[in-house]
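A short write-up of the structure that comes next.
Derivation of every value follows stated rules applied to the coordinates shown; laboratory data play no part. All values derive from a computational prediction rather than experimental measurement. Note that we place each Cβ from the backbone using ideal geometry, even for glycine, and neighbour counts take in every protein chain shown.
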Amino acid sequence: MSNWTRRAFVSVGVLAGGGILVGVAMRPGNRADNLAELVAGENETLVHAFVKIDQDNIVTAVVPHAEMGQGAQTALAQMLAEELDADWDRVRVEEAPPVAGYAHYTVGRGYLFKDLNLPDIVVPSFEGVMMRLSNSLDLQVTGGSMSVRVTGTYGMRVAGAATRDMLKRAAAKAWQVPVDEITTEKSMLIHGATSRAEPYAVFAAAAAGMTPSYSPKLKQLEEYKIIGQPVPRFDIPAKVDGTAKFALDVRLPGMVYATVKRSPVFGGRIASIDDTAARAVEGVLGVVVISASESDTFIGAFAVGEAVAVVAEGYWAAQRGLRALEIEWDGGGNETVSSNSIFAQFEQDISAAKDRKIDLEQGDFEAVFASSQKVINADYRVPHLAHTCMEPLNATAEFRDGHCEIWIGCQNPLGFRRAVADALGIRADNVTLHNMLMGGGFGRKSRADWAIQVVHLAKTVGRPVQLIWSREEDIRQDFYRPAILSRFRAAIDESGELEAWQNTYVNKLEPTEAPLIPYDVAAKDIGHIDSPIHVPWGAWRSVDHSQHCFFTESFIDEVAVAAGRDPLEYRASLLKDHPRHLAVLQKAAREAEWGQPLAQGRGRGIALQESFGSIVAEVVEVTVVDGQASVDRVVAVIDPGFAVAPDGVTAQIESGIVYGLTAALYGEITIENGSVVQSNFHDYEALRMAQTPQIETFIINSGHAAGGAGEPGTPPAAPALANAIFDATGQRLRELPFSKHLQFI
Amino acid sequence: MKKKLSVNGVQHTVDVDPSTPLLWVLREQLALTGTKFGCGIAQCGACTVMIDGVPIRSCVLPLASLEGRQVMTIEGLAPSDEKLHPLQQAWIEHQVPQCGYCQSGQLMSAAALLARNPEPTDAEIDGAMQGNICRCGMYGRIRKAIKSAATSRIAQSELHTFDKTDEASDE
Ligand code: FES
Ligand code: FES
């Protein structure tokens, strides 16, 4: 296939494992239009879309993931640079623009096929199918801890290796020497025997004309020089001097500002508005009603409720204008729903067990329960939670001559582009989306509701509009982590051995395996009931794992206690077939000095969860005296397969733990009269420095398939803390947040 | 109504409703976007600036109250274009920021702390930083970075305070 073109490439579905396939090879004289913006300078050759090498021998990794703060872009660049043998000091990253040619097939494969381990050489037709699938889904998602494990493994590394291979062949041809005599080091091609050495850049153009290898040889673990090193992140310097550009920092000539309000009761609409007072506020330019719509992007359809916006010369005027609006809302029938009524409904539906759907069924659990010595029952519940990204939702848009330009920080640029195009009734080609740095994402920024609002405003107003949500709107119009009620029953025999595990909960979402347990139990029955409510739901850091891990890892602790056994030893005894889990659990216990006596009033708890391909155990130490509690220490161990950027993984675990502890200590969205009670950080609190424990993170590089780091730290935090509180006090807390029972100092 | 405002040693004249909080004047009138909006009610610290050396939440501070006072924002924290503030250096060294959105506010609170207390204890650090939320949870790194900046010799000699006001104007 010397005539390797994008068409041939897509239709044949060429290619093992990733990068080059999505990236589209480009050569001088054959620039695909939709990738042209990746090649900024005259002197650059885009070898393929994941990597470019310029005349100065700078290697740029073109990274298809938005930077939420995980340092993913640096890790991806490390993976590329490793296989390319690039000079790390001359490696840069650049985020790929959301153009159709970049539709993110590697992510699509990871998402749709879960943990499918693909062989090095993948059946072409399968690749072709995947390519089409992900194109049609408009995938370019940051989330699901997807970047390193999927893009990195199947994309970046393959791209790096293939590029190096092409460069070597190009050099061999020019120098008239056998290709296997050529070595590479620090972005140089070297032929030792003839003492020749040239930078990659010299052969970049020639390499681009080579047919890429379908299955370039990847390095072995022990050959790594860049992967696994704690390299400084590219994005950090701009984040200490105020120059990092978030969506909120976009400034356009003639730009006006806007802020919005939707019906406090989800799904409600405007009955009437009196905007006389609002229009009289100095600086207010107008009041715009944004009609309700439906959107159907990647992570599921969602409704965008009717909203009213005030447009003004500045945000302050817009906000004062919004407050001056007199709005009567029509709640649409949900005005009486409350958290209490929601949990009463869950309770009723679980007890009725109507249409129970099975997640996992094994063994003769009915018989075991009928004959068992001891049965343990417990109900667990978690409330709704908001995301409260540090940067409130905002975006800037301009609409001119049928073309829309939008600046936004989002987790799915291609999906957003499509959602915006649909909302405006134009083709996606007529939308240019600039993805900006995100002040936190955590799942919230995968739903395009506010993007649809801002483009509507830009079109109506006819000037560039920056839409900024108030924190109050951000908390009251979220897509919430779902509230769940989960009912457990376990049976143990006379020696305390676990014989049966039964679990029924409401409203199954993603990922499907979240309620499953790794423990070896002969009889298991796990299932769920659909119990729909009007509160919108969305992905929340680690999605369903954060709730189910709290349930299952608390309940297994209860079972251990009922059996009169040590919670660590009990778990370990049930993990004989899960050596990775066991190693993680035992290392966490060891590092935390499990078993060493603690002072009066102190306690220790452990929890374990596999999520997004990584296994994490956490041991929490807590002090509880007279109802006052402090979380003192957390020891975390993660097996992510292999930590490409160990300090990045450590930071992600620290971050995930604080996020999980915030939820465990304080997190509660309460529904009253069909709407959210909480409004800002004074009543929806976040963990602050004084309440944050000392966190110690350890990494096990087991060499298994790459797992995520951004999310797996979160799930074990709440149950490990619950188990520690039980250890300290004998009180079993089966409901979040714990601040309902204890005061955290 | 025209108002004078001194930011990072530069005199500005702005024409805006005097009830407007400083945060929005910085961001919208002066295009100094390093100072962030997080809550608008003095609960999160994202908008922290220094006024006459004291850390203040600019989201609740009306422009009208600033006559004759010196505002310092993150853009003015480094002593020169070539040199970072010791805290900024420590932030890079300890790889503090995740998303980075809270960090301008964190740095301004920390800088104000070290300016008045060059060797803070853990409890003093906690106390001074309690008004700054980091939803990415980087508190442990922030604390470490503050301590290492405090102990570095540079920190002792170069903690940044305003001693001069350039009489420049943006008009
Ligand atoms: S924005 Fe000022 S404290 Fe939050
Ligand atoms: S670094 Fe993201 S909020 Fe602090």
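Rounded to the nearest 0.05, what FRET efficiency do A:ASN673 and B:ALA64 give with R0 = 45 Å and r taken as the Cβ-Cβ distance? Could you check?
Using R0 = 45 Å, I get an efficiency of 0.75.
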If you count, for every residue in A:227-236, the Cβ atoms of partner chains within 10 Å of its Cβ, what is the mean? 2
Here, chymotrypsin sites (Phe, Trp or Tyr not before Pro) of the range A:616-684 satisfying both criteria (DSSP loop; at most 12 other Cβ within 10 Å) are none
Given the range B:2-76, what whole percent of its Cα pairs are spread farther than 21 Å? 12 percent
Label-point separation (nm) for A:GLN220 and A:GLU513, each offset 7 Å from Cα along Cα-to-Cβ? 2.8 nm
Per-residue average of other protein chain Cβ atoms inside 10 Å, peptide A:468-478 -> 2
The range A:529-602: GluC sites (Glu not before Pro) in DSSP loop, at most 14 other beta carbons within 10 Å: A:GLU593
Note: A:THR276 to A:MET188 extended length (0.36 nm per residue) minus current alpha-carbon separation gives 24.7 nm
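Using DSSP, restrict attention to beta bridges with both residues in the range B:2-76 and report what percent are antiparallel, rounded to the nearest 5.
85 percent
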Let me see the P(r) profile for chain B: every Cα-Cα distance counted, bins of 10 Å, each bin given as a percent of all pairs. 10, 41, 34, 13, 1
How do the peptides A:238-249, B:41-52 rank, highest first, by the average count of neighbouring beta carbon atoms within 10 Å per residue? B:41-52, A:238-249
Go through the range A:427-481 and name the trypsin sites (Lys or Arg not before Pro) that are in a DSSP coil and have 16 or fewer other Cβ atoms within 10 Å of their Cβ. A:ARG427
In whole Hz and in residue order, list the ³J(HN,Hα) couplings for the range A:681-695 that follow from phi through the Karplus curve 6.51 cos²θ - 1.76 cosθ + 1.60, θ = phi - 60°; x for Gly and Pro. 5, 6, 10, 10, 7, 10, 4, 10, 4, 5, 8, 7, x, 5, 10
Please compute, for the alpha-carbon atoms of the range A:468-572, the extent along each of the three principal axes and give them in descending order in Å. 60, 26, 18
A:MET255 versus A:THR243: modelled label distance in nm, points set 7 Å from Cα along the beta carbon direction: 1.9 nm
Please give the residues of the range A:578-617, grouped as numeric ranges, whose backbone N is less than 15 Å from a label point set 7 Å along the Cα-to-Cβ vector of A:GLN362. A:578-579
Once the Cα atoms of helix B:139-151 and of chain B are each reduced to a long axis, what angle between those two axes, in degrees from 0 to 90 to the nearest 10, is obtained? 90 degrees
Can you give the three extents of the C-alpha atoms in the range A:314-450 along their principal axes, from longest to shortest, in whole Å? 74, 39, 29
Quick check: pseudo-label points 7 Å beyond the Cα along Cα→Cβ at A:GLU181 and A:ASN701, how many nm apart are they? 3.4 nm
Using only the alpha-carbon atoms of the range B:86-158, report the extent along each of the three principal axes, biggest first, to the nearest angstrom. 31, 23, 17
For residues of A:438-447, the mean tally of beta carbons on other chains within 10 Å: 3
Per residue Cα convex hull volume in Å³ - calculated over the range A:170-284: 338 Å³
